[in-house]
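Some notes on the structure that comes next.
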Amino acid sequence: MARPSRYRREDVLEKAMQAFWNEGYNATGMADLVSATDMRPGSLYASFNSKRELFLASIDLYGQRSVANIQQGLDSSASPLTGVRQLLRKLARDTVSKQGKRSCFLVNSVLEMARQDPAVRERVNVYFRQIESLLRRKLKQAQAEGELGADRDPRAIATFLLNNIWGLRVLAGTDPGPRRAQDIVRLALSVLD
């Protein structure tokens, strides 16, 4: 009996996340969320307590998926540095795709809400730190396998790459064109050489 409820919750979160992602937190009203989720206002409030709590749960849904996708991409490569390179090249391709033009829900949330709501900032930072940790782990592995010089700082490189990833995600909203995105990634990846 609890299983259908769980899937319903995920379905509602997916629809709410899409609404927030398309319009932003401030421009998405409860009427928009009711329409997007096919739920009554009372049911939404009973399940999530408030629009803000629904937004935070939407951030969690997106963040968990992002971390899982990045980890899968990094772990499925032949070598640690190949995984990092493939991740950034994929992000360059995604930046110029139709879906990419929406930018990243985490980045959008930070840009819109982080100054107003410390809980949003902290929630997004949880996922940023996890992604940075995945990159750092791969860079340390690359160092242990001799792919990355012993004099290199995996922590600093991971931070630099994360900064470039989220910069690409912001840039996606400007329709940068493939060459511009590829140039950014090429230069970012040069720190691995």
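The values are calculated or read from the model by the stated rules, or taken from the named source; none is laboratory data. Remember, predicted model here, so these are calculated numbers, not experimental data. Don't worry about glycine lacking a Cβ; one is built from the backbone with ideal geometry, like all the others, and counts go over all protein chains shown. Calculation scope for accessible area: heavy atoms of the full protein, side chains included, ligands and nucleic acids excluded. Shrake-Rupley method; radii C 1.70, N 1.55, O 1.52, S 1.80 Å.
Observations on the model:
- Among the lysines of the stretch 1-152, pairs that are 8 or more positions apart or on different chains and have alpha carbons within less than 27 Å of each other number 9.
- The chain: most fluctuating residue of 172, 31, 114 per GNM, C-alpha cutoff 10 Å: 31
- Evaluated with a Cβ-only charge set (Lys, Arg +1; Asp, Glu -1), the chain carries a dipole of roughly 160 debye about its Cα centre, given to the nearest 20.
- Accessible surface of the stretch 26-67, 1.4 Å probe, proportion on carbon and sulfur as whole %: 48
- Taking the chain as a Gaussian network of alpha-carbon nodes connected by springs under 10 Å, the highest mean-square fluctuation of the residues 16, 57, 46 belongs to 46.
- Here the stretch 81-193 is treated with +1 on each Lys and Arg Cβ and -1 on each Asp and Glu Cβ, and its dipole about the Cα centre works out to around 300 debye.
- For residue 192, net neighbour charge (Lys/Arg +1, Asp/Glu -1) across residues whose Cβ lies under 10 Å away: 0
- For the options 96, 34, 124, a Gaussian network treatment of the chain with springs between C-alpha atoms closer than 10 Å singles out 34 as fluctuating the most.
- Of all accessible heavy-atom area on the stretch 135-191, the percent that carbon and sulfur account for (1.4 Å): 51
- When both the stretch 102-167 and the stretch 3-57 are represented by their alpha-carbon centers, they are found 27 Å apart.
- Options [x] 1.14; [y] 0.98; [z] 1.31 - which one matches Cα Rg over 2.2 N^0.38 Å as calculated here: [x]
- Estimated 222 nm signal from helices in the chain, with DSSP H stretches of n ≥ 4 weighted -39500 (n - 2.57), rounded to 500: -25000 deg cm²/dmol
- For the set 126, 84, solvent exposure ranked by accessible area (probe 1.4 Å, protein chains only) runs largest to smallest as 126, 84.
- Per-residue extension of 0.36 nm, minus the Cα-Cα distance of residue 79 and residue 11, leaves a gain of 20.9 nm for this segment.
- In Hz, Karplus ³J(HN,Hα) per residue of the stretch 92-99 (6.51, -1.76, 1.60; θ = phi - 60°; x = Gly, Pro): 4, 5, 5, 4, 9, 7, 4, 5
- Based on protein heavy atoms only, the chain ends up with 53 Å² per residue of surface accessible to a 1.4 Å probe.
- Among 17, 76, 150 the positive-end extreme of the charge dipole of the chain (Cβ point charges): 76
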